[in-house]
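Undergrad: Structure in structure tokens, see below.
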Amino acid sequence: MIQVLMSTYNGKDYLREQIDSILSQDCEEKADVKLKLLIRDDGSKDGTQKILEEYAKKYSTQIEWYQGENKGVIQSFFELLQRADDTASYYAFADQDDF
């Protein structure tokens with residue numbers, strides 16, 4: 001499994017395009033590897049959480065997200081690393097606007 005770790009903060013303008021881009025990767029078809037996305041929201045105030053909830057519901061086997069306090073990008077990624085699935089073969093990091 002490949003686990004993508006993403007931190008979000010007020011990213012509603014970019015988030016759909018980024019998540020769609022990640023989910024469109026053909027890891028399973030080309031390498032027989034599942035892709036999962038773990039997202040931590042860093043206290044957004046722009047509706048980012050609503051988008052995350054929508055995607056987590058639609059792609060419940062691939063996307064997990066949770067709300068955190070605003071800690072800044074570095075601490076947000078450190079927290080994601082602590083929650084990462086230790087059975088993953090690979091990890092990738094993504095910002096909300098890394099289309």
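The values are calculated or read from the model by the stated rules, or taken from the named source; none is laboratory data. These figures come from a predicted structure and were not determined experimentally. Note: ideal-geometry Cβ built from the backbone for every residue, glycine included; neighbour counts use all protein chains shown. Surface accessibility is based on the protein's heavy atoms, side chains included, excluding ligands, DNA and RNA. Shrake-Rupley method; radii C 1.70, N 1.55, O 1.52, S 1.80 Å.
Undergrad: Does LEU5 count as at pLDDT 95 or above and within 15 Å of ASP98 (Cβ to Cβ)? Please lay out each step first, then the result.
TA: Working: at pLDDT 95 or above: yes; within 15 Å of ASP98 (Cβ to Cβ): yes.
It is true that LEU5 is at pLDDT 95 or above and within 15 Å of ASP98 (Cβ to Cβ).
Undergrad: Can you find a residue in the stretch 59-72 that is in contact with a Phe, Trp or Tyr (Cβ under 9 Å, 6 or more places away or on another chain), assigned to a helix (DSSP H, G or I) and open to solvent by 20 Å² or more (accessible area, probe 1.4 Å)?
TA: no
Undergrad: Still on this structure: Sort out which residues of the stretch 73-99 are surrounded by 16 or more Cβ atoms within 10 Å (Cβ to Cβ), polar (S, T, N, Q) and farther than 19 Å from ARG16 by Cβ, and write them in order of number.
TA: Let us first name the residues in the stretch 73-99 that are surrounded by 16 or more Cβ atoms within 10 Å (Cβ to Cβ), namely 76-77, 79-80, 88, 94, 96.
Imposing the further condition that a residue be polar (S, T, N, Q) reduces the set to 76, 96.
Of everything in the stretch 73-99, just one residue is surrounded by 16 or more Cβ atoms within 10 Å (Cβ to Cβ), polar (S, T, N, Q) and farther than 19 Å from ARG16 by Cβ, namely SER76.
Matching residues to (1) part of a loop (DSSP other than H, G, I, E, B); (2) touching a residue at least 12 places away in the same chain (Cβ under 8 Å); (3) under 12 Å from ASP95 (Cα atoms):
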{"site": "LEU5", "(1), (2), (3)": "no, yes, yes"}
{"site": "TYR14", "(1), (2), (3)": "no, yes, yes"}
{"site": "GLN18", "(1), (2), (3)": "no, yes, yes"}
{"site": "GLU28", "(1), (2), (3)": "no, no, no"}
{"site": "SER44", "(1), (2), (3)": "yes, yes, no"}
{"site": "GLU53", "(1), (2), (3)": "no, yes, no"}
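Undergrad: Does VAL73 satisfy the condition of being modelled with pLDDT under 95 and either over 14 Å from ALA92 (Cα atoms) or among the hydroxyl-bearing types (Ser, Thr, Tyr) (or both)? Break it down stepwise before answering.
TA: Details: modelled with pLDDT under 95: yes; either over 14 Å from ALA92 (Cα atoms) or among the hydroxyl-bearing types (Ser, Thr, Tyr) (or both): yes.
Yes; evaluated as a whole, the condition is true for this residue.
Undergrad: While we're on this one: For residues in the stretch 19-47 being over 15 Å from LEU80 (Cβ atoms) and under 12 Å from the mean Cα position of the chain (by Cα), which is most open to solvent (accessible area, probe 1.4 Å)?
TA: Within the stretch 19-47, the match that is most open to solvent (accessible area, probe 1.4 Å) is ASP20.
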